[in-house]
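Encoded as structure tokens, the structure appears first; notes follow it.
The values are calculated or read from the model by the stated rules, or taken from the named source; none is laboratory data. No experiment lies behind these values; they were computed from the predicted model shown. Methodologically, a virtual Cβ is constructed for each residue, glycine included, from the backbone with ideal geometry; neighbour enumeration extends over all protein chains shown. These accessible areas exclude ligands, DNA and RNA; they are computed on the full protein's heavy atoms, side chains included. Shrake-Rupley method; radii C 1.70, N 1.55, O 1.52, S 1.80 Å.
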Amino acid sequence: MTRVGGSLYTFSGKRFWPLDPMPDELVIEDIAHALSLQCRYGGHCVRFYSVAEHSVHLARHVSPPNRLWALLHDASEAYLADVPRPVKSHLTGYRDAEAGVMAAVVARYGLACTMPDEVHQADNRIIGDEMRQNMHEVDPAYGQPLGITLRFWTPEQAECEFLGEFARLTA
């Protein structure tokens with residue numbers, strides 16, 4: 001079978017085609033590891049703060065039925081990278097690639113086809129917490145934070161917390 005685009009080798013040693021994702025090729029350890037090593041905001045913050053930590057905080061804040069969606073809401077970034085919001089919409093093909101990987105995530109982990117509104121709203125509001133605690137300036141557009149306290153976990157801690165949260169949610 002010919003696959004679309006090139007492949008990458010993941011942390012677990014598997015091959016993954018970001019432009020032709022298959023649900024059975026997703027491994028939660030790959031997602032946790034990659035997100036734990038990616039800094040939010042393209043690294044433009046005061047302290048290292050990983051996408052994995054962000055995802056865990058979000059999962060712990062939303063209602064129980066939406067927690068797994070919240071934990072995995074940025075899973076595509078494990079394979080495509082965390083692109084800052086002001087840039088993402090200008091990258092031709094990025095949104096399509098992101099949607100393709102997220103469709104595979106949704107299928108693999110049994111999530112609802114679309115992100116729940118609660119998760120989307122919490123993802124926007126947590127930016128207020130992140131800016132207040134980890135940036136020099138706060139954009140007034142993100143006025144109502146969630147009330148999350150950032151922990152600034154090391155990548156190892158973030159990976160462990162992410163996997164622990166996944167295990168609790170899928171037990």
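Let me have the 222 nm mean residue ellipticity of the chain computed from DSSP H runs of 4+ only, each contributing -39500 (n - 2.57), with the sum over all residues rounded to the nearest 500.
Details: 8 runs with 85 residues, N = 171.
For the chain, the value works out to -15000 deg cm²/dmol.
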Determine the share of the stretch 1-116's accessible area contributed by carbon and sulfur atoms, expressed in whole percent, with a 1.4 angstrom probe. 58 percent
Let me check something: with ligands and nucleic acids excluded, how do Phe16, Phe48, Phe152, Phe11 order by accessible area (1.4 Å probe), largest to smallest? Phe11, Phe48, Phe152, Phe16
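Counting only heavy atoms of protein chains, what accessible area per residue, in Å², does the stretch 1-130 have with a probe of 1.4 Å? Spell out each step's value before the answer.
Values: 6050 Å² over 130 residues.
Here the per-residue accessible area is 47 Å².
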To the nearest 10 square angstrom, how much accessible area does His90 have with a 1.4 angstrom probe? 140 Å²
As an exercise, use a Förster radius of 41 Å and the Cβ-Cβ distance of Arg60 and Thr2 to find the FRET efficiency, rounded to the nearest 0.05. 0.45
Compute the distance from the alpha-carbon center of the stretch 129-165 to that of the stretch 25-91, in whole Å. 11 Å
Sticking with the crude label model, points 7 Å out along Cα→Cβ, report the distance from Ala81 to Leu19 in nm, one decimal please. 1.6 nm
Value of Rg to Rh for the chain (Rh from inverse mean 1/r over Cα pairs, i.e. Kirkwood): 0.95
Zone of Val46 (label point 7 Å along Cα→Cβ, backbone N under 20 Å): which residues in the stretch 134-162? 134-155
Sites matching trypsin sites (Lys or Arg not before Pro) across the stretch 45-144 that sit in DSSP coil, with at most 14 neighbouring C-beta atoms within 10 Å: Arg47
